[in-house]
Amino acid sequence: MVAKIEVEGLTKIFGKKPKRALELLQKNKTKDEILKETGNTVGVNRASFSVEDGEIFVIMGLSGSGKSTLVRLLNRLIEPTAGSVWVDGEDLSTMDEKTLRETRRKKMSMVFQKFGLFPFRTVRSNVEYGLEIQGVSQEERKEKAMTALELVGLKGYEDMYPNELSGGMQQRVGLARALTNDPQVLLMDEAFSALDPLIRKEMQDELMDLQENMKKTIIFITHDLDEALRIGDRIALMKDGSIVQVGTPEDILMNPANNYVEKFVEDVDRSKILTAHHIMKRPETIDIDKHGPRVALERMRQEGLSSIYVVDRKRNLKGYVTADDASEARKKDIRDLQEILTTDVPTVTKDTPMHDIFNAIYDSSVPIAVVEDGKLAGIIVRGAVIAALASDSEVTLDHA
Amino acid sequence: MLDFMKNVPELPIADWTSNFTDWLTDTFAFLFDPIKNQFGDFMEFTADKLAAIPPVIVILIVAILAFFVSGKKFGLAAFSIVGLLLIYNQGLWEELMFTFTLVLIASVLSVIIGVPIGILMSKSKTAETIITPVLDFMQTMPAFVYLIPAVAFFSIGMVPGVFASLIFATPPTVRLTNLGIRQVPTELVEASEAFGSTASQKLFKVELPMARSTIMAGVNQTVMLALSMVVIASMIGAPGLGREVLSALQRAQVGTGFVAGLGIVILAIIIDRFTQNVNKSK
């Protein structure tokens with residue numbers, strides 16, 4: 001599969017002697033050393049990555065890490081010093097102005113942190129801007145703009161001016177404007193950072209809902225790790241202009257490439273990221289077709305359990321029996337497990353976030369069953385939940 | 001202390017300037033003469049036509065425009081009526097029309113010349129570096145000095161008056177056009193570029209609309225400066241209220257001078273409020 005966007009050694013040096021600085025950079029001098037020696041600032045340092053068609057690729061880093069510069073290199077709002085950006089096999093960094101303009105018009109559009117709306121234009125006229133400059137007819141412009149506005153839930157606001165709308169609504173206009181000319185690539189520069197947390201979450205959800213249908217290639221810049229983990233299919237972490245690690249949210253959390261990444265992910269609310277899959281254990285089970293209460297009791301005594309899950313031959317979950325019920329049954333000489341089986345089992349799936357496991361486990365006297373297609377995949381005990389929140393070492397041990 | 005300067009002869013800057021002006025006058029006579037004649041005729045014509053309209057109608061039109069321009073308030077309209085009637089009452093109506101013509105034409109030309117130069121400055125660091133000191137020069141050189149080459153090029157009358165006003169009044173429009181465009185938020189410029197605007201689309205669809213109120217502030221300044229040149233321009237024979245002030249000065253007639261000066265003030269206030277309100281209303 002060919003990547004939608006392929007970035008190779010993309011570098012931006014701000015200052016008067018970029019060539020000299022570039023040489024130093026190739027000698028692996030640090031950003032500080034280069035600043036001292038040449039007075040030039042390294043904005044982006046030889047960034048290389050590829051973005052697949054239809055994925056949300058998040059570039060995250062703290063302020064000053066070069067992420068905003070990097071996204072502007074992708075559509076050449078900033079001229080790169082070195083390196084190339086391949087979009088559908090065409091090198092954007094060497095395009096002539098006309099081709100570049102066409103690429104910007106048809107292939108990629110951008111959403112800005114402070115919305116970047118034109119205050120003297122109405123909402124609709126803002127949304128139409130991209131088509132207007134392409135010379136699209138008024139009727140077609142209007143039709144497409146209205147479709148885009150409806151998509152972001154702003155129908156009925158088309159004749160208002162941006163300053164009459166709230167921040168969240170303004171950014172919806174920004175998003176609608178970017179969607180109107182139906183680009184394949186969407187560049188979102190801290191698009192939700194200026195919004196308050198509740199609205200931000202709402203917008204993230206909406207973006208993901210939209211993405212379900214649109215399947216655009218989205219490059220999303222953020223300084224907020226929670227946001228990155230929430231919406232990103234893959235995440236690139238930046239520091240001092242360099243990309244430190246690229247990986248899925250899980251990779252980043254579980255296997256931080258270095259101290260920097262580790263520090264970064266330290267403060268993450270793990271309960272939002274980790275799922276049942278990460279903290280479940282291999283379950284002790286007994287087979288309802290083979291075993292009776294006697295075996296169940298014996299197994300529990302061996303393992304030090306107060307209850308045990310019951311499956312059939314195909315590992316389909318049937319329920320659980322408690323030690324009390326089992327010993328009672330043995331006294332009464334009941335042979336069939338079916339009679340003492342509790343079928344009201346607390347279950348979750350592998351993808352249930354840990355956040356949602358809290359309540360279930362609090363209310364339950366037995367471990368929670370993790371079920372996949374009716375089969376018992378694992379169990380979660382209280383201890384594992386606490387351990388996972390405390391650090392990741394325990395977690396990685398338990399899941400292979 | 002300045003002994004070493006003894007060996008340096010006095011630089012003949014004055015001679016150079018004179019020679020240069022003479023050269024300009026001779027070389028571009030083919031250009032200056034038709035401008036002087038055609039343009040002079042055109043201005044005479046405009047002023048005459050304005051003066052030929054019955055004052056009542058002019059006053060009424062100004063009052064109505066004032067009413068709408070100031071957002072349907074009566075203040076400016078009332079002031080215009082009283083002020084213009086006073087000027088009429090003092091027998092300065094024709095002078096007023098000449099002065100107005102001079103100011104109007106000088107301002108329009110200043111804007112036509114100034115805005116493009118301002119745009120050029122905002123787009124090019126080099127242009128800004130070169131033009132800024134020229135603007136400083138134009139504004140600080142005493143306005144009287146411009147009268148001399150103005151006369152050399154265009155002899156006397158309205159045309160050299162407009163020429164001198166142009167030099168004196170254009171800088172604010174240039175400066176504020178430059179400033180206005182440079183102050184457009186980066187994100188808006190980026191937005192316009194990111195959607196694939198050409199340079200002229202960016203300029204006309206984003207930058208100029210965003211800079212509009214700053215540019216208009218510059219235009220307002222330009223009009224006011226053009227008006228302030230009226231008295232000075234009368235020294236080289238430009239007709240109008242300025243000439244009344246000048247002749248009153250020469251004859252030490254305090255009263256006449258005051259009345260003509262008052263006329264200029266009234267005109268200035270009306271023009272200023274008009275241009276300011278046009279800026280606000282949109």
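The distance between label points at B:Val82 and A:Arg315 comes to 9.7 nm (points 7 Å beyond Cα on the Cα→Cβ vector). Let me make sure I get this right: for chain A, a, b and c are the square roots of the gyration tensor eigenvalues over alpha carbons, sorted descending. Under 1.5 in a/c it's rounded, otherwise prolate if a/b > b/c, else oblate. Which is it? Prolate. GNM on chain B, alpha-carbon springs under 10 angstrom: the most fluctuating residue among B:Glu187, B:Glu95, B:Glu44 is B:Glu187. Under 18 Å from a label point set 7 Å out along the Cα-to-Cβ vector of A:Glu140, the amide N atoms of region A:69-110 belong to A:102-108.
Extents of region B:159-282, largest first, come to 66, 28, 17 Å (Cα atoms, principal axes, whole angstrom). Placing +1 on each Lys and Arg Cβ and -1 on each Asp and Glu Cβ, with no other charges, gives the protein assembly as shown a dipole about its Cα centre of roughly 740 debye.
If only the Cβ of Lys and Arg carry +1 and only the Cβ of Asp and Glu carry -1, the dipole of region A:276-398 around its Cα centre is close to 420 debye.
In terms of other Cβ atoms within 10 Å, A:Leu10, A:Leu77 run from fewest to most in the order A:Leu77, A:Leu10. List the lysines whose alpha-carbon lies under 29 Å from that of A:Lys318, not counting same-chain residues fewer than 8 positions away? The qualifying lysines are A:Lys281, A:Lys290, A:Lys331, A:Lys332, A:Lys350, A:Lys375.
Near A:Lys114, which aspartates and glutamates are there with a Cα under 12 Å away, not counting those fewer than 8 places off in the same chain? Result set, ordered by chain and number: A:Asp189, A:Glu190, B:Glu187, B:Glu190. Which FRET efficiency value, to the nearest 0.05, do you get for B:Ile53 and A:Ser166 by plugging their Cβ-Cβ distance into 1/(1 + (r/R0)^6) with R0 = 51 Å? Computed FRET efficiency for B:Ile53 and A:Ser166 comes out at 0.45. Model label points for A:Ser306 and A:Leu341, set 7 angstrom from Cα along the Cα-to-Cβ axis, are 2.4 nm apart. Near A:Gly378, the amide H atoms lying under 5 Å from its own belong to A:Val370; only residues 5 or more places off or on other chains count, and H is placed 1.01 Å from N. With a 10 Å cut-off around each Cβ of B:184-191, the average count of Cβ atoms from other chains is 6.
Ordered by the number of other Cβ atoms lying within 10 Å of each residue's own Cβ, fewest first, B:Glu10, A:Glu164 fall into the sequence B:Glu10, A:Glu164. With R₀ set to 35 Å, the beta-carbon distance separating B:Val145 from B:Phe42 gives a calculated FRET efficiency near 0.85. Relative contact order of region B:25-281, taken over Cα pairs closer than 8 Å and 6 or more residues apart, is 24 percent. Who wins for biggest fluctuation among A:Ala326, A:Ala191, A:Ala178 in a Gaussian network model of chain A, springs between alpha carbons below 10 Å? Of A:Ala326, A:Ala191, A:Ala178, the Gaussian network model singles out A:Ala326 as fluctuating most.
Computed from Cα atoms alone, the Kirkwood hydrodynamic radius reported for region B:25-281 is 19.7 Å. Straight-line cross-link reach from B:Lys72 at under 28 Å between alpha-carbon atoms covers these lysines, not counting any fewer than eight positions away in the same chain: B:Lys280, B:Lys282. Remark: for residue pairs A:Lys106/A:Lys216; A:Lys17/B:Lys202; A:Lys12/A:Lys216; A:Lys12/A:Lys67; A:Lys31/B:Lys123, the C-alpha separation exceeds 22 Å in A:Lys17/B:Lys202; A:Lys12/A:Lys216; A:Lys31/B:Lys123. Peptide A:124-133 shows a mean partner chain C-beta count of 3 within 10 Å per residue C-beta. Only beta bridges with both residues in region A:172-266 are counted; by DSSP, about 50 percent of them are antiparallel.
Relative contact order of region B:16-156, taken over Cα pairs closer than 8 Å and 6 or more residues apart, is 30 percent. Summary value for region A:228-359: 22 percent relative contact order, contacts being C-alpha pairs under 8 angstrom separated by 6+ residues.
Computed from phi, the 3J(HN,Hα) profile of region A:274-282 under the Karplus parametrisation 6.51, -1.76, 1.60 (θ = phi - 60°) reads 6, 10, 3, 3, 6, 10, 6, 10, 6 Hz, with x in place of Gly and Pro. Computed over chain A with a Gaussian network model linking Cα atoms closer than 10 Å, the most mobile of A:Pro183, A:Pro249, A:Pro119 is A:Pro119. Amide H to amide H distances under 5 Å link A:Ile59 with A:Phe220, A:Ile221, A:Thr222, A:Ala236, where only residues 5 or more positions off or on other chains count and H is placed in the peptide plane. For chain B, complete DSSP H runs whose alpha carbons reach 15 Å or more along their own long axis and whose mean Kyte-Doolittle score is 0.0 or higher are B:40-52, B:55-69, B:75-89, B:93-123, B:125-140, B:143-154, B:158-182, B:208-234, B:254-281. 3J(HN,Hα) along region A:51-56: 10, 7, 4, x, 9, 9 Hz, from the Karplus curve 6.51 cos²θ - 1.76 cosθ + 1.60 with θ = phi - 60°, whole Hz, x for Gly and Pro. Along the charge dipole of region B:25-281, pointing to its positive end and built from +1/-1 on Cβ of Lys, Arg, Asp and Glu, which listed residue (B:Val259, B:Thr222, B:Ala194) has its Cα farthest out? Farthest towards the positive pole: B:Ala194. Taken along the Cα-to-beta-carbon direction at a fixed 7 Å, the label points for B:Gln90 and A:Phe120 span 3.8 nm. Dividing the radius of gyration of the alpha carbons in region A:84-200 by their Kirkwood radius gives 1.00 for Rg/Rh.
Taken together, the values in this text are just the output of simple stated rules run on the coordinates, not laboratory data. On a predicted model such as this, the values are computed, not experimentally measured, just so you know. Every residue, glycine as well, gets a Cβ built from its backbone with ideal geometry; the counts of neighbours run over all protein chains shown.
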